[in-house]
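**Q** Quick one: structure below, then a few questions.
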Amino acid sequence: AVQPIVEVYKSATCGCCKEWVRHLRDNGFEVRAHDVPDPAAHRARAGIPDALGSCHTALVDGYALEGHVPASEVKRLLKERPQARGLAVPGMPVGSPGMEVGARVDPYAVLLIGADGKTYSTYARYPN
């Protein structure tokens, strides 16, 4: 199946964002990366609370993606199509896609942000 295009808004100097873009491409997504002076402005426009912020914000098929969300969860989101604003991996956890440091994987959660942009629940946990 053809995946929808992922529009990524990131800082030009962020190396881990580039690695995350590569992770999405390796998993069959077409990605358009945009270097922007203030990624946080795009996060705000997408309706993602700053408390869940990371280093880049992406938009795909009506959903927002914040931070190092694994491609498998993006595919699940697009298949299940929940009533939601999108997914977030707050901060920059080691071991998330684009943040690999050897074999180390710090536990982290992928959060499903409610349609109101304020409430959220755990969509997936890593390592699972």
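The values are calculated or read from the model by the stated rules, or taken from the named source; none is laboratory data. Bear in mind that the values here come from a model prediction, so they are computed numbers and not experimental data. Here the Cβ is made from the backbone with ideal geometry for all residues, glycine too, and neighbour counts use every protein chain on show. Please note that ligands, DNA and RNA were not included when accessible areas were found on the heavy atoms of the full protein model with its side chains. Shrake-Rupley method; radii C 1.70, N 1.55, O 1.52, S 1.80 Å.
**Q** May I ask you to list the residues in segment 28-58 that are open to solvent by less than 60 Å² (accessible area, probe 1.4 Å) and part of a loop (DSSP other than H, G, I, E, B)?
**A** Once the filter is applied, which keeps residues that are open to solvent by less than 60 Å² (accessible area, probe 1.4 Å) and part of a loop (DSSP other than H, G, I, E, B), segment 28-58 yields Gly28, Phe29, Val36, Gly47, Ile48, Pro49, Gly53, Ser54, Cys55.
**Q** Please go through (1) under 21 Å from Tyr126 (Cα atoms); (2) under 13 Å from the mean Cα position of the chain (by Cα) for Val8 and return the number of the only condition it doesn't satisfy.
**A** Going through (1) under 21 Å from Tyr126 (Cα atoms); (2) under 13 Å from the mean Cα position of the chain (by Cα) one by one, Val8 breaks only (1).
**Q** Residues that are over 17 Å from Ala58 (Cβ atoms) and open to solvent by less than 70 Å² (accessible area, probe 1.4 Å): find the strands (runs of 3 or more DSSP E) completely inside segment 71-128 holding 2 or more of those. It would help to see each step written out before you state the result.
**A** On the way: elements: 84-89, 108-114, 120-126.
Result: 108-114, 120-126.
**Q** Out of segment 23-43, which residues are under 11 Å from Ala58 (Cα atoms) and at pLDDT below 95?
**A** Pro39, the sole residue that qualifies.
**Q** Another question, if that's okay. For segment 11-22, which positions are at pLDDT 95 or above and either within 14 Å of Leu65 (Cα to Cα) or not in a helix (DSSP H, G or I) (or both)?
**A** Trp20, Val21, listed by residue number.
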